[in-house]
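Only the coordinates and a few stated rules stand behind these numbers; no lab work does. On a predicted model such as this, the values are computed, not experimentally measured, just so you know. No Cβ is skipped: glycine too gets one built from the backbone with ideal geometry, and neighbour counts run over all protein chains shown.
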Amino acid sequence: MYVESLGCDKNLVDTEVMLGRLSKKGCRIVLSPEEADIAIINTCSFIHDAKKESVDSILALAEEKKAGRLPKIIVTGCLSELYREQIRREIPEVDGVLGATNTDRIEELVESIMAGQSREIFDSPDYDAAVFLERISESGKYYGFLKIAEGCDNHCTYCIIPKLRGKFRSREMDSLVEETKYLAAQGKRELILVAQDVGKYGVDLYGRRALPELLEKLAAVEGIDWIRLLYVYPEDVTDELIAAIKKGYALPYLDMPLQHADDEILRKMARKSTAAQLRALVAKLRREIPDICLRTTFITGFPGESEENFANLLAFLQEMKFDRVGVFPYSKEENTPAARMKEQVPARLKKKRQKELMLAQQVITFAKNEELIGREFRVMIDAYLPQDGVYIGRTYRDAPEVDGYVFVESRRELLSGDMVRVRITAVNEYDLIGEEIDELSE
């Protein structure tokens, strides 16, 4: 089988689960569709660009099938949920379609397809797939994602995810601990907690925000050195979560999607915080955890965003001086309240504002990196660049694949997954340059 995984890290976890299930049934993974009896593509449809990438990838596989180089194709993921009927009607080369939450039925679908029976399997988006721990993840990487919940109850007006993934559903704490032990046994040293809304973990199961309790249990798993939190909404940053970070249960790194900072736009987005509350929260986090690294995302050109609304967002960004920022032009997603709003902002203006925000953040990021020269950090080694004679690593401030790197000089051979002490000696825009300061890897 040949597998493509598109979109977010949560989708990647689903792909790894399906790979594990199929491998247990005797399926062998190959690296190109030409070698495969069947191709499975796990799609994304969060924004327009993600949908386009997914459709293009399906069409590319369809061409392989037309040319006689690929016998069977299965489509799953969010695009299959959004365009269930259109996929089979408009791309007849697709043999099977699997609902986004039906990862535990992939074996059933593959068996049907290989027996010559075209088929769809869809349950409700609220369907809870059976837990499967023996995921197959990419070898050579010493970090792994742990999906602690499925679905979302926030219903932001620009987002289609609740319709595709259903209501918010936390996983049982004991099963997450067991999966963490499995990942540690596979050599993972960094655990990255993901969900649509990580901070609300436990509200449905236990009647409370149980993330701090979960962090304490996961931090006790032998072999896990770092635990990183992604996608924590600002209203879920409680005193208990702050205390858990201060105790070392999670890294002092918080990915906190804010999306805007003008009260009028925040209300139209159906966000639950005001600009004043966001300012107070950022100040509190930096007061309680002085070395915390804050990452956030913003949307430009939301329907009705005026020059004044955007000016408030820009001023907020310049005032808050976040460590990491991603900026995305608003994407008009069908069947969302925002898509029906009047005063849609022209695409050119959305991109112009995106660029303006990113340029403002670039100045902040470069200045913050300069302040790190001379400081010492634990760095996890990810790879070696033989052409440059340096190692690539990350500090606690760097989530894999979205943040920067540290280029490390060392007088000895290091291995991927090693933890070393590094003194920062220079910066190169978004990345740091450093040298190992001792010879005691961990």
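If the cut-off is 21 Å between C-alpha atoms, which lysines fall inside it for Lys268, apart from same-chain ones fewer than 8 positions away?
Lys163, Lys332, Lys342, Lys350, Lys351
What is the distance in Å between the Cα centroid of the stretch 92-125 and that of the stretch 180-221?
First find each Cα centre; the distance between them is then 30 Å.
Straight-line reach from Lys368: which lysines have Cα under 24 Å away, leaving out those fewer than 8 places along the same chain?
Straight-line reach from Lys368, under 24 Å: Lys246, Lys284, Lys321, Lys355.
Around Ala270, which amide H atoms from residues at least 5 apart in sequence, or from another chain, sit under 5 Å from its own amide H, with H modelled in the peptide plane?
Amide H neighbours of Ala270: Thr157.
Would you mind calculating the gained length between Glu288 and Asp174 on full extension (0.36 nm times residue separation, minus the Cα-Cα distance), in nm to one decimal?
Working it through step by step, the gained length comes to 38.0 nm.
What are the residues whose amide H is under 5 Å from the amide H of Thr300, where those residues sit 5 or more places off or on another chain and H is modelled from the backbone?
The answer is Phe328, Tyr330.
What nm value, rounded to one decimal, do you get for the distance between Lys368 and Thr425 when each label is placed 7 Å out toward the C-beta?
It is 2.5 nm.
May I ask you to evaluate 6.51 cos²θ - 1.76 cosθ + 1.60, the Karplus curve with θ = phi - 60°, for each residue of the stretch 14-28 and list the ³J(HN,Hα) values in order in whole Hz, giving x for glycine and proline?
Ordered by residue, 3J(HN,Hα) equals 4, 4, 4, 5, 5, 4, x, 4, 5, 4, 5, 8, x, 6, 10 Hz.
How big is the charge dipole of the chain about its Cα centre, in debye rounded to the nearest 20, if each Lys and Arg gets +1 on its Cβ and each Asp and Glu gets -1 on its Cβ?
1000
Within a Cβ distance under 12 Å of Asn309, other residues only, what is the Lys/Arg minus Asp/Glu net charge?
Once all neighbours under 12 Å are counted, the net charge is -4.
Can you give the helix-only mean residue ellipticity at 222 nm for the chain, where every DSSP H stretch with n ≥ 4 adds -39500 (n - 2.57) and the sum goes over all residues, rounded to the nearest 500 deg cm²/dmol?
Computed mean residue ellipticity for the chain: -10500 deg cm²/dmol.
Take the Cβ-Cβ distance between Glu111 and Lys167 as r, set R0 to 35 Å, and report the resulting FRET efficiency rounded to the nearest 0.05.
The computed FRET efficiency comes out at 0.70.
For Arg411 and Ala383 in the same chain, what is the full-extension length gain: residue separation times 0.36 nm, less their Cα-Cα distance, in nm?
8.5 nm
According to a simple spin-label model (label point 7 Å from Cα along Cα-to-Cβ), what is the distance in nm between Arg84 and Thr274?
It is 4.2 nm.
Going toward the positive end of the dipole of the stretch 284-438, with +1 on Lys and Arg Cβ and -1 on Asp and Glu Cβ, which of Ala383, Leu294, Val345 do you reach last?
Working it through, the farthest residue towards the positive pole turns out to be Val345.
Run the simple label-point estimate for Ala339 and Leu59 please: 7 Å along Cα→C-beta, distance reported in nm.
1.9
Principal axis lengths of the chain from Cα atoms, whole Å, largest first?
Taking max minus min along each principal axis of the Cα atoms, the chain gives 63, 59, 47 Å.
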